[in-house]
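Shown next, in structure tokens, is the structure this report addresses.
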Amino acid sequence: MATQHSQPADRLTMAPPAPEPASQPAAADHQSGTKHARTAARLMMAPAVILLLGWMLVPLTMTLYFSFKKFLPLRGGDLGWVGFDNYVRFVSSSAFWPSVQATLVIVGGVLAITVVLGVLLAILLNQPMWGRGVVRILVIAPFFVMPTVSALVWKNMFMDPVNGLLAHVWRAFGAEPLVWLTEASTQSIILIVSWQWLPFATLILLTAIQSLDSEQLEAAEMDGAPPVKRFAYITLPHLSRAITVVVLIQTIFLLSIFAEIFVTTQGAFGTKTLTYLIFQRVLESQNIGLGSAGGVYAIILANIVAIFLMRIVGKNLDA
Amino acid sequence: MGRITLDKVSKSFGDVQVIPPLDLTIDDGEFTVFVGPSGCGKSTLLRLIAGLEDVTSGQIRIDKQDATHVPPAKRGLAMVFQSYALYPHMSVRKNIAFPMKMAKVPVEEQNRRIEAAANALNLTDYLDRRPGQLSGGQRQRVAIGRAIVREPSAFLFDEPLSNLDAALRVGMRLEISELHERLETTMIYVTHDQVEAMTMADKIVVLQAGVIEQVGSPLELYHTPRNKFVAGFIGSPKMNFIEGKEAAKHGAHTIGIRPEHIEVSGEAGTWSGVVSVSEHLGSDTFFHVHGTGLAETITVRADGEVGFRHGDRIFMTPRADVIHKFDAEGLRIA
């Protein structure tokens, strides 16, 4: 066996033939050609890069600029520089830490629900069944509904304590209908947002599950792994990269959810996220300086979350 | 022990019957090769034995026990897949340990068997690597290792060498044969390559469209093929078939003569024709001869030194004692 196997290795250790001297000038020409091409490529990409950079840098700079100013549009406008006053006031407000907590609870809750249900739905949709194509489209449908619309539909048609569908269900079992948005406000928001994002998670995970080699599952079956263990040892590790992608992308969007809160609780009953708090500072209190300082905190929070996520799940992205 | 008996086993997918009722016995310790052209149902037959497909009717017995409805894991068989089906996120060690972990084998015993398998298969240096970092031949060995540690009553191989390059294939072929000599366990091996079948098998099962055409040792199949299909499938290059007047002389509808059983000469012989292509392999030379009036092409094997070229007229004499005779249905006339 050993001799059989060492053959290709021997072949590999042979040095590749040195390039002939005559071919070197040609190679140099070729090199300069690619250098030209690289310069041209940079020039041609420049407009897009500059546009994107400006798109990011201008708002960021303006936010930083306003965060050091006392700027009250309806009460005297620009009232001059105030140093770190806005930052101190934003953090020392009694609404700050609860808003950070609400943000993290909502993001975490939605992530947990969408990933768990997404994996289960993806497995279900991967089974051969009658009408699979139609079911797949139906599952993806919620993603096409605008956040404002879906939140309003949930609020008025499902969660309304008098006429909502859920109230009728509760009454059918003889229970007192739940006043969802008051008594279980955070859970309601999580429910609505999860409903919107579940299709996204399902879609990504479904494509990942379709790329799983069926022979691997059969091998595990022959190796004596029952279905639950096949899922735990074969399917789930196969999905780890897709789950990472889902978690990272969803986090980016979930940190900034706004419409769902705006049309339901308006930030009351513990659903005031950092995004919503900033909105209130800028538009309801008409204090642009204070809101901008909040914006900078939001950037910091997003980065802390990102660092944690990359630590936990980022290694899954390596091939 | 690993005696496998198929009793009137059939398989249908919907309305399509891929395997009509079929009987077959594989004795303990035998190296059996299922061979046939692609789509002949040989892989399906293997999957039926493995339990990955349910039989439509009939009975599968392993060691006299009815195993027809026993789940695959409980049949005591191990399978090596065409794609190797290694678990990509586990190290080689964990891959090999997986079936034992599922069977709750004690850890010391697991380690002992892993070491033994790794030694036997030259994998000791690779135990901590992932399958993605291994070459095709090494992956193949890991797949075999994963099968060995289960100490199965029979090994099932589903075209295990078809993803390897030609040189490696010859090497792995020898390794699997050696493994069989050492373990003396029943092995069932599926391939479409008749060379693999001839070189490795104790018993060859030739299949066509789900039907067993012939069962026998490699040389039995070579010397006394039961019909034209087996005669054409076993042996390389393919047997020449001649119909018409020449066949009638021997009292048959068709006669078959292998390329290696025809003498070539530049001066005189029974048949003559013009060389169309000559393939020089060094040890042998194959001539494809046209214009013989017998068949479109007659293939002849001659010694490597014989140097006829394209366009040369040559004379051929078949060895009379090895002419195979077939009737109008293609069956052998004794």
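Averaging the Cα positions of each part gives two centres, and for segment A:271-294 and segment A:37-89 these lie 17 Å apart.
For chain B, the Cβ-based charge dipole about the Cα centre amounts to some 980 debye (Lys, Arg positive; Asp, Glu negative; other atoms uncharged).
For chain A, with a Gaussian network of springs between Cα atoms less than 10 Å apart, report the residue from A:M146, A:M56, A:M159 with the top mean-square fluctuation. The residue with the greatest mean-square fluctuation here is A:M56. For chain B, find the longest principal axis of its Cα atoms and tell me its angle to the long axis of helix B:136-148, 0 to 90°, nearest 10. Helix B:136-148 and the main axis of chain B meet at about 60 degrees. Counted residue by residue at 0.36 nm each, then reduced by the alpha carbon distance between them, the extension gain from A:A40 to A:L64 reaches 5.1 nm. Measuring from a point 7 Å past the Cα of A:E183 along Cα-to-C-beta, which residues in segment A:123-166 have an amide N at less than 20 Å? Answer for this model: A:154-166.
Okay, helix-only estimate at 222 nm for chain B: each DSSP H run of n ≥ 4 adds -39500 (n - 2.57), divide by all residues, round to 500 deg cm²/dmol; what do you get?
So the calculated ellipticity at 222 nm is -8000 deg cm²/dmol.
A simple spin-label model places the labels of B:A103 and A:K315 3.2 nm from each other, with each point 7 Å out along Cα-to-Cβ.
Inter-label distance, A:Q266 to A:V134: 4.3 nm, where each label sits 7 Å from its Cα along the C-beta direction. Restricting the GluC sites (Glu not before Pro) of segment B:172-253 to loop positions (DSSP other than H, G, I, E, B) with no more than 14 neighbouring Cβ atoms within 10 Å leaves B:E184. The modelled label-to-label distance for the pair B:D284/A:V153, using points 7 Å beyond Cα in the direction of Cβ, is 7.1 nm. For A:L117 and A:I249, the FRET efficiency from 1/(1 + (r/R0)^6), where r spans their Cβ atoms and R0 equals 22 Å, is about 0.85. The Kirkwood hydrodynamic radius of segment A:53-183, based on inverse pair distances between different Cα atoms, is 20.3 Å.
Between the residues A:L317, A:F262, A:V247, the greatest Cα displacement towards the positive end of the dipole of chain A, with unit charges on the Cβ of Lys, Arg, Asp and Glu, is found for A:F262. Dipole magnitude for chain A: computed about the Cα centre from +1 point charges on Lys and Arg Cβ and -1 point charges on Asp and Glu Cβ, it is near 740 debye. Calculated translational diffusion coefficient of the protein assembly as shown (20 °C, 1.002 mPa s; Stokes-Einstein with Kirkwood radius over alpha-carbon pairs) equals 67 µm²/s.
Working out 0.36 nm times the residue gap between A:E284 and A:N163, then minus their Cα-Cα distance, what length gain in nm do you get to one decimal?
Values: separation 121, 0.36 × 121 = 43.56 nm, distance 3.13 nm.
Extra length from A:E284 to A:N163 when fully extended: 40.4 nm.
Taking the helices alone, chain A has a mean residue ellipticity at 222 nm of -22000 deg cm²/dmol, built from -39,500 (n - 2.57) per DSSP H run of at least 4 residues and averaged over all its residues.
Considering Cα pairs under 8 angstrom that are at least six residues apart, work out the relative contact order of chain A and quote it in whole percent. Let's see the in-between values first.
Values: 302 pairs, mean separation 82.3, N = 319.
It rounds to 26 percent for chain A.
For segment A:299-304, putting each phi into the Karplus relation 6.51 cos²θ - 1.76 cosθ + 1.60 with θ = phi - 60° gives couplings of 4, 5, 4, 4, 5, 4 Hz, in residue order, rounded to whole numbers and with x for Gly and Pro. Projecting the Cα positions of A:W81, A:Q196, A:W154 onto the charge dipole of the protein assembly as shown (unit charges on Cβ atoms of Lys, Arg, Asp and Glu, taken about the Cα centre) puts A:W81 furthest along the positive direction. If you find the alpha carbon centre of segment A:197-236 and of segment B:208-246, how far apart are they in angstrom? One Cα centre to the other: 44 Å.
Could you give the dipole magnitude of the protein assembly as shown about its Cα centre, charging the beta-carbon of Lys and Arg +1 and that of Asp and Glu -1, in debye to the nearest 20?
Values: 56 positive and 58 negative charges, 536 e Å.
Taking the Cα centre of the protein assembly as shown as origin, the dipole is about 2580 debye.
Between rounded, prolate and oblate, where does chain A land on the alpha carbon gyration tensor, with a ≥ b ≥ c its root eigenvalues, rounded for a/c under 1.5, else prolate if a/b exceeds b/c? Because a/c hits 1.5 or more and a/b fails to exceed b/c, chain A counts as oblate.
What FRET efficiency comes out for B:H69 versus B:Q17 if R0 is 22 angstrom and r is the Cβ-Cβ distance? Round to the nearest 0.05. Can you show the working numbers first?
Values: r = 20 Å, r/R0 = 0.92.
Using R0 = 22 Å, I get an efficiency of 0.60.
Taken over chain B, lysine pairs spaced eight or more positions apart, or on distinct chains, with alpha carbons under 19 Å apart number 15.
For the options B:K11, B:K101, B:K249, a Gaussian network treatment of chain B with springs between C-alpha atoms closer than 10 Å singles out B:K249 as fluctuating the most. Largest mean-square fluctuation among A:L57, A:L290, A:L120, in a Gaussian network model of chain A whose springs join Cα atoms under 10 Å apart, belongs to A:L57.
A cut-off of 5 Å between modelled amide H atoms, ignoring neighbours fewer than 5 places along the same chain, links B:S272 with B:M316.
Farthest toward the dipole's positive end in segment B:171-259, which of B:H192, B:A231, B:G251, given Cβ charges of +1 (Lys, Arg) and -1 (Asp, Glu) about the Cα centre? Farthest along the dipole direction, towards plus: B:G251.
Nearest 0.05, what FRET efficiency do B:R309 and B:A166 give at R0 = 25 Å with Cβ-Cβ as r? Don't skip to the end; give the middle numbers.
Details: r = 27 Å, r/R0 = 1.09.
E(calc), rounded to 0.05, equals 0.35.
Read-outs throughout are calculated quantities, based only on the coordinates presented, and are distinct from any laboratory measurement. This one's a predicted model, so the numbers in the text were calculated from it and none came from an experiment. Using ideal geometry, Cβ is built from the backbone for each residue, glycine included, and neighbour counts are taken over all protein chains shown.
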